[in-house]
Amino acid sequence: MALFRFGRKQTPDTPEPTVAAPATGDATPAPVAAPSGGGLLDRLRAGLAKTARVLNTDVRDLFKREGRLVDEEFLEELRATLIRTDMGPAAAEGIVVDVRERLRARVVDPEIVIDSIRRQLLGRLEQTGAAVAAAPTGPTVILVTGVNGSGKTTSIAKLARLFTREGKRVVLGAGDTFRAAAVEQLSMWAARLGAELVRGEPGCDPASVAHRAVARALEGSFDVCIIDTAGRLQTQSNLMQELSKIRRVISKQIPDAPHEVLLVIDATAGQNALSQAKGFKEAAGCTGIVLAKLDGSARGGVIVPVTEQFGLPVKFVGLGETADDLEAFAPERFVAALLEGALAPAG
Amino acid sequence: MFESLTASLSSALNSLRGRGKLTEGNMREGLAGVRTALLEADVAYDVVETFLSRVVDDAVGAKVLESLDPAQQLVGIVHQELVNLMGPVDHSLHLQPGKTTILMLCGLQGSGKTTSCGKLAKRIKQQGQGVMLVAADLQRPAAIEQLAVLGRQIGVPVHVPDGITDPVAVCRAGVARAEKEGISVVILDTAGRLSIDEALMQELSKIDRTVGPDQVYLVVDAMTGQDAVKSAKAFNEALELDGVIMTKLDGDARGGAALSVKTVTGVPIKFIGTGEQIEALEDFHAERMAGRILGMGDVVTLVEEAQRKFDQDEMKRQEERLRAGEFTLDDFKKVLLQTRRLGPMGKVLGMIPGMGGMQEMLAGADLDKDVNRLFGIIDAMTPAERRNPSRVVDQSRRRRIAAGAGVDPHEVGDLVKQFDGMSAMMKGMAGLGMRDRLREVQRLQTQMTNPAARLGRPKGDTGKRLTADERRKQKKQREKDARRKKRG
């Protein structure tokens with residue numbers, strides 16, 4: 001009995017943290033490509049509407065107005081909801097275990113569980129949110145890597161846009177010399193954005209393109225040099241070695257470059273993203289992640305185990321198809337947007 | 001965390017191996033492992049649940065009680081269930097004789113549509129049919145150029161939009177052109193889109209209505225996570241799919257999306273993309289995929305490939321020479337050349353049962369380059385040296401050969417030593433059928449997966465006859481060692 005009472009005393013006493021924005025304003029999900037232009041938060045929230053909607057509908061479904069008993073069936077439903085965000089069985093299990101330990105056999109209301117999930121997720125995304133490293137003097141060199149079709153070239157265009165908006169001069173290195181017309185794709189973006197492009201012959205050594213791009217950045221005293229690479233699967237270790245070579249070539253010209261090596265992860269990717277993070281971190285020394293295509297129906301939950309296991313911060317999220325649809329990643333906002341709707345009353 | 005689905009499933013099922021009977025309890029434990037493995041392989045949550053309940057239904061009851069080896073039985077059921085889930089397969093493109101067949105490819109951004117278009121065109125061309133590509137991806141910068149370059153590589157015409165900005169009109173014009181020119185197959189490469197983008201999905205179904213493609217294929221990235229279910233459903237509702245092409249299966253993606261997509265849409269997975277080369281498009285086989293998933297290897301494919309690509313007469317000649325003990329370095333080179341015709345060495349190894357781990361170990365280590373070095377060494381030898389390397393090649397010859405082949409002298413020595421061991425092994429294998437030979441190779445894998453181990457010449461007969469008692473004693477010792485090894 002005493003034990004039982006003890007258990008009861010453990011009711012979460014933390015006051016409910018204030019949500020970043022009033023939930024009512026978002027009852028209807030904004031169209032993704034909304035020309036809102038303004039509020040960073042608005043656009044992030046719009047891009048994450050899908051994520052929120054899933055968690056929000058499903059979690060809300062779990063709770064009747066009078067609260068629900070936390071039993072195995074309840075926990076199973078919670079687990080299913082979490083797994084559908086692609087965070088993976090292990091991460092989902094961690095959250096479920098946490099909820100079970102604290103709330104098992106109790107009748108709960110939504111806020112308590114949502115609050116605990118939010119805290120869990122924030123704890124898991126803790127390392128993230130670092131800003132883009134910049135060179136103390138001279139050009140900042142950014143190498144962009146990823147598997148085939150993850151959205152590297154588009155992300156580079158968005159990054160370039162971000163820097164040119166800040167008034168910086170950008171030179172792009174078209175290092176994808178393998179895929180047909182990849183150079184053309186980047187050169188079209190370069191023309192649109194007014195960035196300079198350094199290109200090589202199709203099929204030539206990408207390291208030579210990287211070398212020339214950095215050389216151009218130095219001689220033309222550009223602020224930023226972004227280098228594209230061909231998509232490669234992390235299992236192709238000869239291609240992964242090529243990345244190490246590109247790194248070496250760059251650091252010969254500027255000792256502390258590349259200042260950032262970004263891995264572009266497709267938000268629709270499942271657990272293979274873990275293998276990607278591992279492979280690219282080992283071979284290319286990745287320093288951060290760009291989570292692309294977050295505007296689709298995929299939720300990108302896989303970054304939870306990725307950041308947790310590899311300590312790779314998510315630096316940007318891609319939220320659409322235009323060059324402006326790139327935002328800095330902020331875990332608080334990410335989680336808030338992720339769980340925002342879950343606090344709103346049903347209906 | 002990073003083992004393949006194969007490995008995770010094997011370990012889950014291994015926990016059942018060696019237990020006397022399949023009780024509900026120990027089966028649940030094994031199935032919980034299967035469940036985690038499937039979720040880690042990105043099979044959609046609901047699909048996993050359906051799959052497991054079906055397995056339980058099949059496993060519990062009479063069949064299990066009658067079964068002598070419950071683990072084997074469960075493996076069989078899991079395998080069969082996987083096959084049921086992913087099959088039946090239909091590889092036909094359903095080309096319409098006498099008229100232009102229209103194929104349409106659609107999918108999310110970056111799933112590999114354009115590359116798959118090229119691979120499909122190559123395949124159709126190889127079958128002796130005329131084929132044309134239509135570049136209807138007007139969204140992504142340079143997508144048209146990409147398709148045009150691919151078309152040039154394969155040698156097929158590409159219809160590019162001439163200033164037209166409406167993909168529907170482009171498709172219509174492309175199909176009209178193909179019909180006029182009497183080309184039997186036309187492939188439409190559409191723009192990648194989000195499944196939730198209503199406007200673009202409507203545009204897709206407008207193309208569908210306007211040109212009336214005979215077959216619509218969805219291109220799915222093997223690395224897709226839980227979202228595969230949703231996007232496949234959306235595309236299927238907008239277009240009524242006829243098949244699925246799964247791409248990027250050459251990586252370590254576990255391809256759980258294959259199970260999900262098949263379950264949700266009900267349309268067969270037709271082809272799989274297994275590499276960046278334009279030829280790397282293979283037929284999808286549910287049996288083989290399930291076998292691969294369960295670690296049974298893909299023997300059927302290998303045997304089939306081998307029979308297609310090996311020069312049968314040459315094989316027979318080699319075998320006779322082997323039996324006569326005349327196997328030389330020249331023959332060795334021929335064998336390597338034959339094997340290489342199957343495809344990149346790493347891929348061939350991966351298809352041999354039990355060699356999956358080997359493939360992983362060698363991943364990317366450029367096997368083909370190594371083989372080329374071997375060829376260089378062999379080419380730098382005199383005929384006499386090739387005939388009997390271990391006897392003829394001394395230190396000064398070794399240095400000469402190394403200089404001629406541009407390698408280190410120790411590499412020549414290594415080849416000679418390895419060839420010695422190998423020719424003994426090959427002589428033993430001569431006369432065995434393809435299947436037995438594969439089994440033999442499998443038997444050797446423990447030895448080979450130790451990278452430090454070299455293939456040595458097997459020990460000959462000692463000539464000493466043992467009494468029955470001594471043999472018994474020896475057998476006992478061997479078993480004891482085996483047990484100890486197993487424990488350790």
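The values are calculated or read from the model by the stated rules, or taken from the named source; none is laboratory data. All values derive from a computational prediction rather than experimental measurement. As a convention, Cβ positions derive from the backbone with ideal geometry for all residues, glycine included, and neighbour counts pool all protein chains shown. Heads up: the accessible areas ignore ligands, DNA and RNA and are worked out on the full protein's heavy atoms, side chains in. Shrake-Rupley method; radii C 1.70, N 1.55, O 1.52, S 1.80 Å.
Over 26 Å apart at the Cα level, from the set B:119/B:334; B:99/B:206; A:293/B:262; A:281/B:233, are B:119/B:334; A:281/B:233. Shape verdict for the stretch B:123-196, please, from the Cα gyration tensor: rounded (a/c under 1.5), prolate (a/b greater than b/c) or oblate. Verdict is prolate for the stretch B:123-196.
Where both partners of a DSSP beta bridge lie in the stretch A:265-339, what percent of those bridges are antiparallel, to the nearest 5? Approximately 40 percent, going by the DSSP bridge assignments. Remark on residue A:227: its backbone amide H falls under 5 Å from those of A:142, A:143, A:144, A:173, a criterion applied only to residues 5 or more positions apart or on other chains, H modelled at 1.01 Å from N.
A simple spin-label model places the labels of residue A:192 and residue B:84 4.9 nm from each other, with each point 7 Å out along Cα-to-Cβ. Rolling a 1.4 Å probe over the protein heavy atoms leaves residue A:101 with an accessible area of roughly 140 Å². When B:138, B:415 are compared by accessible surface with a 1.4 Å probe, the order from highest to lowest is B:138, B:415. Charged side chains reduced to their Cβ positions (Lys and Arg at +1, Asp and Glu at -1) give the stretch A:140-338 a dipole of some 220 debye around its Cα centre. Along the stretch B:146-156 the Karplus relation, 6.51 cos²θ - 1.76 cosθ + 1.60 evaluated at θ = phi - 60°, assigns HN-Hα couplings of 4, 5, 4, 5, 4, x, 4, 4, 7, x, 10 Hz to successive residues, with x for each Gly and Pro.
Taking amide H atoms as placed 1.01 Å from N in the peptide plane, the amide H of residue B:221 lies under 5 Å from those of B:247, each 5 or more residues away in sequence or on another chain.
Chain B against chain A buries an accessible area of about 3700 Å², both chains summed, 1.4 Å probe radius. Once backbone amide H atoms are built at 1.01 Å from N, residue B:138 has B:191 as its partners under 5 Å, excluding neighbours fewer than 5 places away on the same chain.
In units of the compact-protein estimate 2.2 N^0.38 Å, the stretch A:292-331 shows a Cα radius of gyration of 1.21. The distance between label points at residue B:233 and residue B:410 comes to 6.1 nm (points 7 Å beyond Cα on the Cα→Cβ vector).
May I ask you to give the percent of accessible area on the stretch A:140-338 that is carbon plus sulfur, with a probe radius of 1.4 Å? C and S atoms contribute 50 percent here.
Of the residues in the stretch A:169-218, those shielded by at least 30 Å² of accessible area once partner protein chains are present, compared with the chain alone at a 1.4 Å probe, are A:178, A:179, A:180, A:181, A:185, A:188.
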